[in-house]
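Structure, as structure tokens:
The values are calculated or read from the model by the stated rules, or taken from the named source; none is laboratory data. Keep in mind the model is a prediction, meaning the values are calculated, not measured. Please note: Cβ atoms are built from the backbone with ideal geometry, for glycine as well, and neighbour counts cover all protein chains shown. We work out accessible area using only protein heavy atoms, side chains counted, and drop any ligands, DNA or RNA first. Shrake-Rupley method; radii C 1.70, N 1.55, O 1.52, S 1.80 Å.
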Amino acid sequence: MDASEDELAPEVRSILAAARDRSGGKSRVSVDARSFPDAVDAAEADGRVPVVAEVKPTSPTTEGTRGDDPVELARKMVGGGATALSVLTEPDHFGGSTENLRRVREAVDVPVLRKDFVVSEAQLDAVEADLVLLIARFVGDDLPDLLSAARERGFQVLVEVHDRAELDRAVEAGADIIGVNNRDLAKLEVDLETFERVAPHVPDDATLLAESGVSSVEDARRMRAAGADALLVGTAIMDGDVRANTERFTTAETSE
């Protein structure tokens, strides 16, 4: 890892410890993935901002929980123009589940990202998804092997980074879908300048996501101006009318 674990926020240490104790699937999965880069291109061609809307019942950085049926939330997000969906499968701190992801993926026709703290190859087999998340900070030197193992199963892989050093490791490992997380997992603080610092160094042929802290149309425009191909938006969509909130972000560049 780039930082010792005692530098991480207590909530993050707890999430990571739980992730390491979590078992994998009973058998190896084989995925016929929907193309996320193609979905991004299609949204652009349609004049929409490519948005990955997140089905997030709760999290350590939000207050309260949302008990709506995840499938209904997912359908509203797609109805609002979401390019793809992110579904939390971490059960202890985010209220997610692999069953929620299965149900959502069956109900929609857009790519679905499994949002979780995957730290071992066996955990890749927990559920089928179109994309799986690997967080560079948490998988460390295992990133190349986990990236390869995920692709062997048919997954597309979103590699999440927070700084230039993590980006360099991701690129060296062969990542072609890269997310820059504006949230510092050591302190759980958000700074949109994080994306603006890292984005210029991302290879042009990679699909680039801005993650965390996109809470307004102005934020969306700012991240797009800094080079984001797509935006991952969670709380700002989940807080209120999900369809209307999704539409607000997907039309950010055409609205007044």
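Model label points for Asp241 and Ala18, set 7 angstrom from Cα along the Cα-to-Cβ axis, are 3.3 nm apart.
Mean separation of Cα pairs under 8 Å and 6 or more residues apart, divided by the residue count, gives the chain a relative contact order of 22 percent.
Based on Cβ point charges of +1 for Lys and Arg and -1 for Asp and Glu, what charge dipole magnitude is obtained for the chain about its Cα centre, in debye rounded to the nearest 20?
Working: 29 positive and 52 negative charges, 136 e Å.
It works out to roughly 660 debye.
Specify the residue with the greatest mean-square fluctuation among Glu211, Glu172, Glu11, computed from a Gaussian network of the chain linking alpha-carbon atoms under 10 Å apart. Of Glu211, Glu172, Glu11, the Gaussian network model singles out Glu172 as fluctuating most. Solvent exposure of segment 31-251 amounts to 39 Å² per residue of accessible area, where only protein heavy atoms count and the probe is 1.4 Å.
Approximating the spin labels as points 7 Å out from Cα along Cα→Cβ, the Asp109-to-Ala225 distance works out to 3.6 nm.
Here's the list of lysines a cross-link from Lys26 could span, going by alpha-carbon distance under 20 Å and ignoring same-chain residues fewer than 8 apart: Lys115.
FRET efficiency for His201 and Ser255, Cβ-Cβ distance as r, R0 = 30 Å, nearest 0.05?
The computed FRET efficiency comes out at 0.45.
Pop out the carbon and sulfur fraction of the accessible area of the chain as a percent, whole number, probe 1.4 Å. Walk me through the numbers on the way to the answer.
On the way: 4620 of 10890 Å².
The nonpolar share, carbon plus sulfur, comes to 42 percent.
Dividing the Cα radius of gyration of segment 83-196 by its Kirkwood radius returns 0.96 for Rg/Rh. Taking label points 7 Å from Cα along the Cα-to-Cβ direction, Glu99 and Ala45 give a separation of 3.9 nm. Based on every Cα atom in segment 31-251, Rg and the maximum pairwise Cα distance Dmax equal 15.7, 41 Å.
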